[in-house]
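The values are calculated or read from the model by the stated rules, or taken from the named source; none is laboratory data. Just so it is clear, the structure is predicted and the values come from calculations on it, not from any experiment. Counting neighbours? That spans all protein chains shown, and the Cβs are built from the backbone with ideal geometry, glycine included.
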Number of protein chains: 2
Amino acid sequence: MPDTKQIRITECGPRDGLQNEATILSVDQKVALIDLLSASGVAEIEVSSFVSPTWVPQLADAEQVFARISRRDSVVYSALVPNEEGMRRAMDAKIDKIAIFTAASETFSRKNTNATIAQTLRRFEPVVAQAKDVDLPVRAYISCVVTCPYEGPIDPRQVRDVASQLLDLGVDEIDLGETIGVAVPTDIDRLYEGLAGLLEPGQTTLHLHDTRGTALACALRALQLGVTSFDSSCGGLGGCPYAPNAAGNLATEDLVYLCNRMGYETSVDLAALFAASRHIAAALGRSLPGRVFTADGSAPP
Amino acid sequence: MPDTKQIRITECGPRDGLQNEATILSVDQKVALIDLLSASGVAEIEVSSFVSPTWVPQLADAEQVFARISRRDSVVYSALVPNEEGMRRAMDAKIDKIAIFTAASETFSRKNTNATIAQTLRRFEPVVAQAKDVDLPVRAYISCVVTCPYEGPIDPRQVRDVASQLLDLGVDEIDLGETIGVAVPTDIDRLYEGLAGLLEPGQTTLHLHDTRGTALACALRALQLGVTSFDSSCGGLGGCPYAPNAAGNLATEDLVYLCNRMGYETSVDLAALFAASRHIAAALGRSLPGRVFTADGSAPP
């Protein structure tokens, strides 16, 4: 077990979660969610996305949401930024950190962003430069790090190649997205073996989906390898566009439960997190798939 | 990773799963389930229980079910046997293996079987002796190996103590039941450290519940330690009497998906297993919580 016991959790429910929900919530409902998440102790919250509202109507109100949340000094509030126009909006909204996104799969990149991987990287060049100018940290997502819904299994060398180019651009953090939730622990080994010498596991963030129930087993393997930063969404909010009935992101409660009970420190309070998940379940009018959240009321003796 | 790549799966849906369902199914429905499970390639099926029908009305038809299933030579058909009367019924039904059950928690034993642990062991003495006489293998379940719903955390030495007495009785196999689904991987380490010198991990079966989403992460840890035999239920059938809305046993599909993709051999065909889960979901008129089953129709590329 690695020495580092502090685990950083980025709550991505308000962005990655809600983006995959059919229901469009009000600004009030989103602000309430984010304020409850702030109170739970998560390290970072991905608040929204400054992509075009025609692309993601669920998150068209990014400015209003940023203007009305109650910010805490202990929490980093970030958002997706797709291009220079998005960067202008993000800076006006005074966000703490930006997130750019590309993929390890050419087909996914073209279908998801209408651009080749190389084009996305060129598009992000001025964005990252501008962020550097104003000391704004930059996270870079790489989607499909294990499997692409169109191309199938992805060679870890493709992930390494894209990560290397992103580091050359000057990004501060690489977030490895297991976009469709097919990974098993041996895939996590291969992913990090592929990054050896370029990025240590402890320098990355891992983004898992629980589509096939393997997210927490993959998180365990990542913890064993030294990963200390994870994305997750409260209650397992979200879903998978490639598996209509499936669970969404790894549920924050499940990750926190595992980490806290294994002796890692997440600084997250489960009861406070439940309040956020309860709020969003009510707002969406549906149950959420997270196991710990679902078993709520039966806290372990 | 240990050398042994063959994983033995005991499908416990028809017994542990159905026992925790409110709906009582017909003999026909149970026989269809078991026949579909036989076709899926699982190594063993826990068919029913020869406990008193007043205790478990869901399984009152054990004789009829055993009489009507289509047995395959490759599958071991077992059932719970609580006492000598149950043993008589089990032998009349020509079952392949019997399962006896006690607990690592005195309170759980008293509440669940109305007997102290010592009393259950004495009660099983003639049952095991009789099984030995006719060369019938005996599995012994120990419940609450990590936490008891009444007593809280269980000292691994209690598990060792009970396991040791069961081995003295002459049982062939110890099945470690994490009854309420609270375990995290470090609990699995402590459990097996407690058994060191008495039982190697590869000599045990592990029975996990997914109440808090940690079952597959615990299974991964167990695989790393050398465990090669697991209980699970198709679709995650069942539930937890101590957490009304919670998921049930570790879903067989989730375990098989993880094992098969990690290079272990389960001999289970996922598509055939889906047929069993679909049948039982329809019979119960409810969805099942297993993640892979829920994501069915979106097989990984």
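Among the criteria (1) without any contact (Cβ under 8 Å) to a residue 40 or more places away in the chain; (2) in a helix (DSSP H, G or I); (3) under 26 Å from B:Ala276 (Cα atoms), the one B:Glu85 does not fulfil is (3).
Taking region A:116-132 as the range and being surrounded by 16 or more Cβ atoms within 10 Å (Cβ to Cβ) and not aromatic (Phe, Trp, Tyr) as the test, the residues that pass are A:Ile117, A:Thr120, A:Leu121, A:Arg123, A:Val127, A:Val128, A:Gln130, A:Ala131.
State yes or no: is B:Ala217 more than 9 Å from chain A (Cβ to nearest Cβ) and more than 14 Å from B:Gly13 (Cβ to Cβ)? No: the conditions fail for B:Ala217.
Residues in region A:60-75 that are surrounded by fewer than 20 Cβ atoms within 10 Å (Cβ to Cβ) and not in a loop (DSSP other than H, G, I, E, B): 4 in all.
Annotation: of all residues in region B:56-81 being of a type outside the set (Gly, Ala, Ser) and modelled with pLDDT under 95, the one that is farthest from the chain's Cα centre (by Cα) is B:Pro57.
Identification of helices (runs of 4 or more DSSP H) wholly contained in region A:203-301 with 2 or more residues that are at pLDDT 95 or above and either out of contact with any strand residue (DSSP E or B) (no Cβ under 9 Å at 6 or more places or on another chain) or more than 30 Å from B:Leu225 (Cα to Cα) (or both) yields A:215-225, A:252-262, A:270-284. Considering only residues that are in contact with a helix residue (DSSP H, G or I) (Cβ under 6 Å, 6 or more places away or on another chain), within 14 Å of another protein chain (Cβ to nearest Cβ) and not in a helix (DSSP H, G or I), which ones fall in region B:151-188? Passing the criteria: B:Glu151, B:Ala183, B:Val184. B:Asp133 satisfies every condition listed in (1) away from every other protein chain (no Cβ under 14 Å); (2) in contact with a strand residue (DSSP E or B) (Cβ under 9 Å, 6 or more places away or on another chain); (3) not aliphatic (A, V, I, L, M) except (2). Within the option set A:Val134, A:Val128, A:Val159, being under 29 Å from A:Arg212 (Cβ atoms), aliphatic (A, V, I, L, M) and at pLDDT 95 or above holds for one residue only, A:Val159. Annotation note: Cβ proximity below 8 Å between a residue of region A:127-140 that is under 20 Å from A:Val162 (Cα atoms) and a residue that is among the charged types (D, E, K, R) and surrounded by fewer than 18 Cβ atoms within 10 Å (Cβ to Cβ) (sequence gap 6+ or interchain) occurs for A:Val127/A:Glu84; A:Pro137/A:Asp96; A:Pro137/A:Asp172; A:Val138/A:Lys132; A:Val138/A:Asp172; A:Arg139/A:Asp172. Entry remark, region A:224-252: residues being buried (at least 24 other Cβ atoms within 10 Å of the Cβ), touching a residue at least 60 places away in the same chain (Cβ under 8 Å) and more than 7 Å from chain B (Cβ to nearest Cβ) number 11 in total. Within region A:145-176, the set of residues being in contact with a His (Cβ under 7 Å, 6 or more places away or on another chain) and touching a residue at least 40 places away in the same chain (Cβ under 8 Å) comprises just one member, A:Asp175. List the residue pairs whose Cβ atoms are under 7 Å apart, where the first residue sits in region B:58-78 and is acidic (Asp, Glu), the second is assigned to a loop (DSSP other than H, G, I, E, B) and at pLDDT 95 or above, and the two are 6 or more positions apart or on different chains. Short answer, once both residue conditions are applied: B:Glu63/B:Ala93. Out of all the residues in region A:95-115, which are surrounded by fewer than 21 Cβ atoms within 10 Å (Cβ to Cβ) and β-branched (Val, Ile, Thr)? Passing the criteria: A:Thr107, A:Thr113. Within region A:181-198, can one find any residue that is touching a residue at least 60 places away in the same chain (Cβ under 8 Å) and surrounded by 22 or more Cβ atoms within 10 Å (Cβ to Cβ)? Within region A:181-198, one or more residues are touching a residue at least 60 places away in the same chain (Cβ under 8 Å) and surrounded by 22 or more Cβ atoms within 10 Å (Cβ to Cβ).
Filtering region A:39-55 to residues that are assigned to a loop (DSSP other than H, G, I, E, B) and either more than 23 Å from A:Thr120 (Cβ to Cβ) or modelled with pLDDT of 95 or more (or both) leaves A:Gly41, A:Val42, A:Ala43, A:Phe50. Within region B:111-122, identify whether any single residue is part of a strand (DSSP E or B) and out of contact with any Asp or Glu (no Cβ under 6 Å at 6 or more places or on another chain), and answer yes or no. No, region B:111-122 has no match at all. Within region B:88-110, the set of residues being assigned to a strand (DSSP E or B) and of a type in the set (Phe, Trp, Tyr) comprises just one member, B:Phe101.
Yes or no: region B:59-71 includes at least one residue that is under 27 Å from B:Ile142 (Cβ atoms) and out of contact with any helix residue (DSSP H, G or I) (no Cβ under 8 Å at 6 or more places or on another chain). Yes, some residue in region B:59-71 is under 27 Å from B:Ile142 (Cβ atoms) and out of contact with any helix residue (DSSP H, G or I) (no Cβ under 8 Å at 6 or more places or on another chain). Pairs linking a residue in region B:20-36 that is closer than 14 Å to B:Gly235 by Cβ to a residue that is at pLDDT below 90, with Cβ atoms under 6 Å and 6 or more positions apart or on different chains, are B:Asn20/B:Gly238; B:Asn20/B:Gly239. Just to be sure, is A:Ala282 more than 7 Å from chain B (Cβ to nearest Cβ) and over 26 Å from A:Val76 (Cβ atoms)? Spelling it out, A:Ala282 is indeed more than 7 Å from chain B (Cβ to nearest Cβ) and over 26 Å from A:Val76 (Cβ atoms).
Test A:Ala32 against the criterion of being more than 19 Å from the chain's Cα centre (by Cα) and either buried (at least 21 other Cβ atoms within 10 Å of the Cβ) or not polar (S, T, N, Q) (or both), and give yes or no. When the stated conditions are applied, A:Ala32 passes them.
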